[in-house]
Amino acid sequence: MMWSSPFVTQATSVSQIMLRVLLALIPGIAMYVWFFGPAVLVSITLASITALATEAAMLKLRNRPLKPFLTDNSALITAWLLALSLPALAPWWLVVVGTAFAIAVSKHLYGGLGNNPFNPAMIGYAVLIISFPAHMTHWLTPHGLGGIELSFAQQLDYIFGGILPSGLTLDALTMATPLDTLKTQLHLGLSVGDIREMPIYGRLAGHGSEMVAIAYAIGGIYLLYTRVINWLIPTTYLVTLFVIAGIFHLADPVHYAAPLFHWFAGAAMLGAFFIFTDPVGGSTTFRGRIIYAAGAALITFLIRTFGSFPDGVAFAALLMNICVPLIDIWTQPKVFGKKGGGK
Amino acid sequence: MRTLDHFHGGIHPAEHKLESSELPSRIAPLPSLLILPLHQHIGAGAKVQVQAGDHVLKGQLLASAQGMVSAAIHAPTSGTVTAVQPHTVPHPSQLPGLCVHIEPDGKDQWIDHAPLEYRAIPKSELLAKLREAGIVGLGGATFPTHVKYSLATDQRIQTLVINGAECEPWITTDDRLMRERAAEIVRGIEVLRHLAEPAETLIGIEDNKPQAIAAMRAACAGSDIEIVTIPTLYPSGGEKQLIKILTGKEVPSGGRPTGIGVACSNVATAYAIHRFVDHGEPLISRQMTVTGNVRTPQNIEVLIGTPLEELVRLAEPLPGATGYILGGPMMGVHIDDLRLPVVKGSNCIIVKSAKLFPPAEPAMPCIRCARCAAACPADLQPQELHWFSKARDFGKTQEYSLFDCIECGACAYVCPSHIPLVQYFRFAKSEIWQRERETQAAEIARERHEFRMERIEREKREKAERLALKEKAATAAKPAAPIAAPVMINPDADPDDTLQMRIDAAMTRAKEQAATAQPRNTENLTPQQQAKVAEIEARRAKFSELASNAGADDESSKKS
């Protein structure tokens, strides 16, 4: 009952906001399925079931009501984002372990919805890439490159049983990601130009994966249009990434990829619209959001270019999440009537 | 065209104004009973001047203003005072307040009253008359008008802002008033212009009231009053927000508009002033919107003190009422009891129904989306204030400018987690006030204690003096007596000196006694206990230091 004003509210609820985020991921998922086969749908389903089950168990343990939190759709976002960050051929237990850790530890041990300082999906990803690095490299070769493609039944066999069709090895089916290939080939002395001539690359970045990134961006624009996310973080992130990559590329085009490559390779688009925009661990002030997103872009670029991990988005998110409390304190806006220089 | 400024944030709640804005307003019939709270305005309550059994005439003084910030209360019609006793008053606390109860005699017989030639009298006299006429701001805050326009001699008003924004949903009283009585409002504005002598006068009206704008334009034709159409955006009718929109100036935090050369009054206040100066009528009635779950939502001119019950009945309530909102849905107060009277600050009564005002959805945790911060017209960070209020970290809430919150409700309106943010902020504010009161009480207790100690000391001193005087008298009687010799170190000494020495000796004795007497109960303590005692002593010393510093701060702030 409402005894205190205001007595009216806007209809958008947390659960609706989260639902729109899920909807916005659908174009990206569709592209993913087109280029890499339906295995990712299995990961998403597995992750969703694990997330809801873990959420329910944790709520029960914490004596919290199940219904409002199971229907807030936030666990599903964690599940989907994590599943989309993993190689599609990830074995079932990898998905389950990552998702369960994300929900149980990085969400509920910190107090559940709204209280997690770190993005749970990115914690799940970080745990997996540190604990099971080998399994995190089995990226499928995209459709259209003439490689061997598994049927859905064969994909299921591998995910749940680890069985590949006779005569096939994992190496024949998978490949390094475009970001990884770039890094290793640069080490071998090739120039960016030569590397980009390789068949795994498309017009912008990786063949296939660039289309997924474009689809993520389309979903992101839908989120901007429906005001689910604020424009400041994606814009600052992408602009900063473009500028930093651009400076390096202009200074040394032989060794540094073009800024557009950085935009459409790896998880940059997913990060810009779906990960850094997670409000819980993000900054809330105007200047804070600029610092947060620009910092994330810088870390993404540094890890991609100089680090040993294939992509930097997850760690960029986590490292900037740590800084948020401080950023927010530093960037408190002046309130009404206190703007005239403290008069 | 005037270039408009804007304030940060704001929201567009569903307006629901057409329900009540299209019917002409009507005058309510005499109610069966009138209940007039003595405290209907900001400041001190009025002092009652009648008693049960008195017959009063319409417009007769019931209670006079006491103190500078106060306003008088008048009989809205003729009748008999049946009681002066507590009755529930329209206030969020719903606690009873002292009220004058009048039973109308049906004659509606006026007391002698006459128009006021306000230009012929000094301004101070005009202000005193406004105070006696009980005129307060009718925009909602009910700040006494005479206080607002009591300007210091060096204060200049650059802009007089007349508030016709009426930004709250459902409410249409100002809209109707402007449409129907534009000329009368302008008459009232002339009085305010006479008082404030502004360089410019601006009437701010939201663009969702085109007919009111047209009517006011017509009424102001030929004068230099400017009607400014402003975009519809809640809460542009907030005083500080409207001033920002119209003048670009920000009323400093904790300050008043007059401090930046702006005076601001509501159109309904201007109308009440017109009634007073042109007809000699004190503030005894006002316009109210009756809307919501009723058959004919409309505006009604109603006597102050009318039970809401009788007012709502005029609009024919529909079945399914789930309570009432006094005021608008954004800042109003929920009430269940319709026996509450109309007061000067009442502008609207909304009959709730489950359909129009569905019960609040259960609150979810804050997800830090900061939609509240984006909507806040005071540039606050409600998500942080919520966090600190919830944690009862009231120091931090003040650091984050809790008291700049105008409780407009925009934050709670946009919150996807349905957190009753304003409720949290009211809670934090009241806790802080409570603590301040407690600190003040402790301060008074400390002062009392010090005074008592001083008194005891003084009494001891006086006793010693008296004793010494006695002895002196005795010595004077027997000047050569050697008995007094032990204390008479110098026999040639002036008797007064000796007296002083005796007083000093007595004082030292008393002090020594006190010194030896006090620590007695702390002797034979274990080292731990001693350590604890030392710790407490240290803390005490720190407190008293803090207290004296705080006192010094108070002094300096008073000076500045």
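The values are calculated or read from the model by the stated rules, or taken from the named source; none is laboratory data. All figures in this text were calculated on a predicted structure; none of them were measured in a lab. Cβ atoms come from the backbone with ideal geometry, glycine included; neighbour counts cover every protein chain shown. Keep in mind that these areas ignore ligands, DNA and RNA; they rest on the heavy atoms of the full protein, side chains included. Shrake-Rupley method; radii C 1.70, N 1.55, O 1.52, S 1.80 Å.
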I need the Kirkwood Rh of chain B: take the reciprocal of the average 1/r across all distinct C-alpha pairs and report it in angstrom. 27.8
Cα-Cα pairs in chain A separated by more than 37 Å, as a whole percent of all pairs, come to 19
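Going by accessible area, probe 1.4 Å, with all protein chains left in place, what is the ranking of A:SER308, B:SER265, largest first? Walk me through the numbers before you get to the answer.
Working: A:SER308 105, B:SER265 5 Å².
In descending accessible area the options line up as A:SER308, B:SER265.
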For B:LEU4, B:LEU116, A:LEU22, what's the largest-to-smallest order of accessible area, 1.4 Å probe? B:LEU4, B:LEU116, A:LEU22
If you count only protein heavy atoms with a 1.4 Å probe, what accessible area per residue comes out for the range A:92-142, rounded to a whole Å²? 34
Given a 1.4 Å probe and the protein chains all in place, what does the accessible area of B:CYS369 round to, in Å² to the nearest 10? 20
Helix B:527-559 versus the longest principal axis of chain B: what is the Cα-based angle in degrees, 0 to 90, to the nearest 10? 50
For A:TRP330, A:TRP80, B:TRP110, A:TRP231, what's the largest-to-smallest order of accessible area, 1.4 Å probe? A:TRP330, A:TRP231, B:TRP110, A:TRP80
Across the alpha-carbon set of the range A:13-175, Rg over Rh with Rh taken as the Kirkwood radius works out to 1.01
Could you tell me how far the Cα centroid of the range A:203-268 sits from the Cα centroid of the range A:1-60, in Å? 24
For the pair B:ARG256 and B:GLU117, how long in nm is the line joining their label points, each one 7 Å along Cα→Cβ? 3.1
Could you give the length gained by full extension between B:LEU151 and B:ALA199, i.e. 0.36 nm per residue of separation minus their alpha carbon distance, to one decimal place? 15.8 nm
Given the C-alpha centroids of the range B:255-272 and the range B:50-115, what is the distance between them in whole angstrom? 27
Rolling a 1.4 angstrom probe over the protein heavy atoms, how many square angstrom per residue are accessible across chain B? 48
Where the Cα pairs of the range B:336-383 fall when distances are cut into 5 Å bins, in %: 4, 13, 13, 12, 14, 19, 15, 8, 1
Among A:ALA24, B:GLN398, B:GLY261, whose Cα lies farthest out toward the positive end of the dipole of the protein assembly as shown, if unit charges sit on the beta carbon of Lys, Arg (+1) and Asp, Glu (-1)? B:GLN398
Can you check what the net charge comes to around B:ALA75, using other residues whose Cβ is under 13 Å from the Cβ of B:ALA75 (Lys, Arg +1; Asp, Glu -1)? -3
Could you tell me what a quarter of the Cα convex hull surface of the protein assembly as shown works out to, in nm² with one decimal place? 59.6
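Relative contact order for chain A using alpha-carbon pairs under 8 Å, separation at least 6, rounded to a whole percent?
Averaging sequence separation for qualifying contacts and normalising by length gives 18 percent for chain A.
Under a point-charge model restricted to the Cβ atoms of Lys and Arg (+1) and Asp and Glu (-1), what is the dipole moment magnitude of the range A:13-175 relative to its Cα centre, in debye to the nearest 20?
Taking the Cα centre of the range A:13-175 as origin, the dipole is about 660 debye.
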Computed over all unlike Cα pairs, the Kirkwood hydrodynamic radius of the range A:130-187 in Å stands at 12.8
Can you give the calculated 222 nm mean residue ellipticity of chain B, where each DSSP H run of n ≥ 4 adds -39,500 (n - 2.57) and the sum is split over every residue, rounded to the nearest 500 deg cm²/dmol? -12500 deg cm²/dmol
Could you pull out every residue, at least 5 positions away or on a different chain, whose amide H is within less than 5 Å of the one on B:GLN109? Hs are placed 1.01 Å off N in the peptide plane, and Pro or chain starts have none. B:LYS58, B:SER78
Chain B - charge dipole about Cα centre, Lys and Arg +1 at Cβ, Asp and Glu -1, debye rounded to 20: 780
In the protein assembly as shown the accessible area split gives carbon plus sulfur, as whole percent at 1.4 Å, a share of 60
The range A:171-235, relative contact order [Cα under 8 Å, separation at least 6], %: 19
How big is the C-alpha Rg of the range B:123-198 next to the rule-of-thumb value 2.2 N^0.38 Å, as a ratio? 1.18
Mind giving me the nanometre distance, one decimal, between the label points for A:ILE221 and B:GLU436, set 7 Å out from Cα along Cα→Cβ? 5.3
Which net charge results for the neighbourhood of B:ALA370, defined as the other residues with beta-carbon distances under 15 angstrom from its beta-carbon, given Lys and Arg at +1 and Asp and Glu at -1? +1
Could you compute how much accessible area chains A and B hide from each other, both sides summed, with a 1.4 Å probe? Nearest 100 Å² is fine. 3800
Restricting to Cα pairs under 8 Å and 6 or more apart, the percent relative contact order of chain B works out to 14
Within chain B, what is the longest stretch that has no trypsin sites (Lys or Arg not before Pro) placed in a DSSP loop and near at most 15 other beta-carbon atoms within 10 Å? B:393-560
Membrane-span-like helices (DSSP H runs, Cα span along own axis at least 15 Å, mean Kyte-Doolittle at least 1.0) in chain A -> A:14-36, A:39-61, A:74-85, A:120-131, A:209-225, A:232-251, A:286-306, A:313-330
Would you please give the FRET efficiency between B:ALA445 and B:VAL69, computed as 1/(1 + (r/R0)^6) with r the Cβ-Cβ distance and R0 = 25 Å, to the nearest 0.05? 0.35
What does the charge add up to near A:THR99, with Lys and Arg as +1, Asp and Glu as -1, over the other residues with Cβ less than 15 Å from its Cβ? 0
So what is Rg over Rh here for the range B:269-379, counting just Cα atoms and using Kirkwood for Rh? 1.09
So if I place +1 on the C-beta of Lys and Arg and -1 on the C-beta of Asp and Glu, and nothing else carries charge, what would the dipole magnitude of the protein assembly as shown be about its Cα centre? I want it in debye, nearest 20. 880
In Å², nearest 10: area of A:THR99 left accessible to a 1.4 Å probe: 0
The range A:176-331: Kirkwood hydrodynamic radius (Cα pairs, Å) comes out at 15.7
Give the accessible area for A:TYR125 in Å² (nearest 10); use a 1.4 Å probe, count only protein heavy atoms, and leave out ligands, DNA and RNA. 30
